[in-house]
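As C-alpha cells, the structure follows; a few thoughts come after it.
The values are calculated or read from the model by the stated rules, or taken from the named source; none is laboratory data. Quick caveat, the model's predicted, so the values are computed rather than measured. Glycine gets a Cβ as well: all are built from the backbone with ideal geometry, and neighbour counts include every protein chain shown.
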Amino acid sequence: MKRKIHFIYTFFLLFSLFWLLTCEKKKIDEPFVATPYLFEIPRYFPTNLHISIDNPLTVEGIELGRELFYDERLCGYLGSNPDSMMSCATCHVQANNFDVGMNNPRFPNGNTFGLSGEPTPHNTMPLINLIFNFEGYFWNGMIYETNPNPQQRSLEDIVLMGIVAPHEMNSSPERAVNALKQNPKYFSMFKKAFGTDEINISRIQKAITQFICTLISSNSKFDRFYRGEELLTDAEMRGYILFSTEEGADCFHCHGGDGNLLFTTNLYYNNALSIVFDDPRDRFAVTHNNKDIGAYRAPSLRNCMVSPPYMHDGRFKTIDEVLNFYNLELQFSSYVNPLMHKIENGGALLTPSQIADLKAFLNTLTDNDFLTNPKYSKP
C-alpha cells in the first residue's frame, strides 16, 4: 500500500514539474506584444492611415514617445545649462499647433536655429494630422517612402534627423541613448513598449513617431459645423464661401474645400511668392522637374491663426500679411502653378469686408481642444 501511495505521489510530482516546465517554455516562446492602440478616425476624415508596417501604434509605445518628445536630454546633453538642452517640444509647442510660434522664448519671431547656432533652413511645420499624409514630409517633400536614400523615407527617419542635424539638436545617436540611460524610469518604459529594457536609437525613433501619429486636430468650430453640431455666423459663412469658390478667394484648390477636412492637399505649389528662385531646398531639389521650381507644400490651415510665422521661409509674421499677399501681391513667373487663377490680377482683389469675412472663417479652424488636450501635453 505504501509503495502504491509513493508511486502516485512521484507520478503527481513529475507531472506537475513537466506542466510547469511546459508552461514556462510556452511563456518564453510567446512573442512579446504590447497593447494595441485603438486609433479612432474622426468623422469625415480620410480612412487610410500612414503607419509604418514595422512600427504599429501601441499604448505603451505612445506613452514612451510622449515622454521622449518632451525630454530635453534627448539632445544628449548631460549638463545643466538650459541653452544646451533641446527636445522635440522646444520647437513644436502644443499651444502653437505644435509649431514654433512667434511667442517662443527660445526663438524670437519664430526664427529657429540648432544647438550649433546654425539657422534652420526652413520655417518649422506643425506636427498635426501627419498620419493622413502620404505625399512626403517637410516643405519640399524630401522625406518619402521611395527615396533612394533609405535614411530619408519615414517619420522615424525625421526623428533621427532632428537629433543629428546641426540646425537642430546637433548630437549623435550614441549621446542621445547615453543621456536617456541616466534616467532609471526609461528602462521599464522601454521594456513595456518593446519587450526588453534595451534603449537604442531605433526604439527612440519608433516611440516618438508613435506619439506624433496621435496628434489629431478634429474638433474646431468648423468641424462641429460640418458634423451638424453648431452653426457658423453670417460672416463665417460668407468667408467659407469665399474660401471655397474660384469667384471668391480661390483657396480651396491647394488647401482643400468641401469634403477635405485636413485643409491641405499635402501637395506642392509655386504660389507666386517670388520671381527669384535660389532656394536649394524647394520641390525642384527633390523631383528635378522644372514645374516644381519655387514650389513648396501647401500646409494645413488648421489652427493657422495660432501658428505664425507663415510660408516656407517665415516671411509673414501675421495672418493679415498672408491675406494681403494673396489679395494684392502675387508675382507672376513662368513657374507659377496653374491653379493660381488670380495671378493675372495680381491677387484676389477682395474688399476689406470680404477680407474680414475670410479671416472670420479661418478663425473657425482653431481647435482649442487639440491645443490644450492633456494627453498631448508634457507628462
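Scan the range 232-248 for residues that are within 8 Å of ALA360 (Cβ to Cβ) and hydroxyl-bearing (Ser, Thr, Tyr) and report the count. Number of matching residues: 1. Only a single criterion out of (1) in a loop (DSSP other than H, G, I, E, B); (2) surrounded by 15 or more Cβ atoms within 10 Å (Cβ to Cβ); (3) of a type in the set (D, E, K, R) is not satisfied by GLU67, namely (1). Exactly one residue out of ASN327, ASN303, ASN363, ASN337 is more than 30 Å from PHE107 (Cα to Cα) and surrounded by 14 or more Cβ atoms within 10 Å (Cβ to Cβ): that is ASN337. Scanning the range 83-111 for residues that are touching a Phe, Trp or Tyr at 6+ places or on another chain (Cβ under 6 Å) and assigned to a helix (DSSP H, G or I) yields SER84, CYS88, ALA89, GLN94. Which is at pLDDT 95 or above, out of contact with any His (no Cβ under 9 Å at 6 or more places or on another chain) and surrounded by fewer than 22 Cβ atoms within 10 Å (Cβ to Cβ), of ALA193, ALA176, ALA207, ALA165? Only one candidate passes the filter, namely ALA165. Taking the range 101-123 as the range and being under 20 Å from the mean Cα position of the chain (by Cα) and touching a residue at least 60 places away in the same chain (Cβ under 8 Å) as the test, the residues that pass are GLY101, MET102, GLY110, ASN111, PRO121, HIS122, ASN123. Annotation note: Cβ proximity below 8 Å between a residue of the range 300-322 that is in contact (Cβ under 8 Å) with a residue 24 or more places away in the chain and a residue that is β-branched (Val, Ile, Thr) and part of a helix (DSSP H, G or I) (sequence gap 6+ or interchain) occurs for CYS304/ILE319; MET305/ILE319; PRO308/ILE319; TYR310/ILE319; TYR310/VAL322; MET311/VAL322.
If you go through the range 112-169 and pick out every residue that is under 27 Å from PHE370 (Cβ atoms) and in a helix (DSSP H, G or I), you end up with 12.
Among the residues of this structure, GLY257 counts as one that is surrounded by fewer than 18 Cβ atoms within 10 Å (Cβ to Cβ) and at pLDDT below 95.
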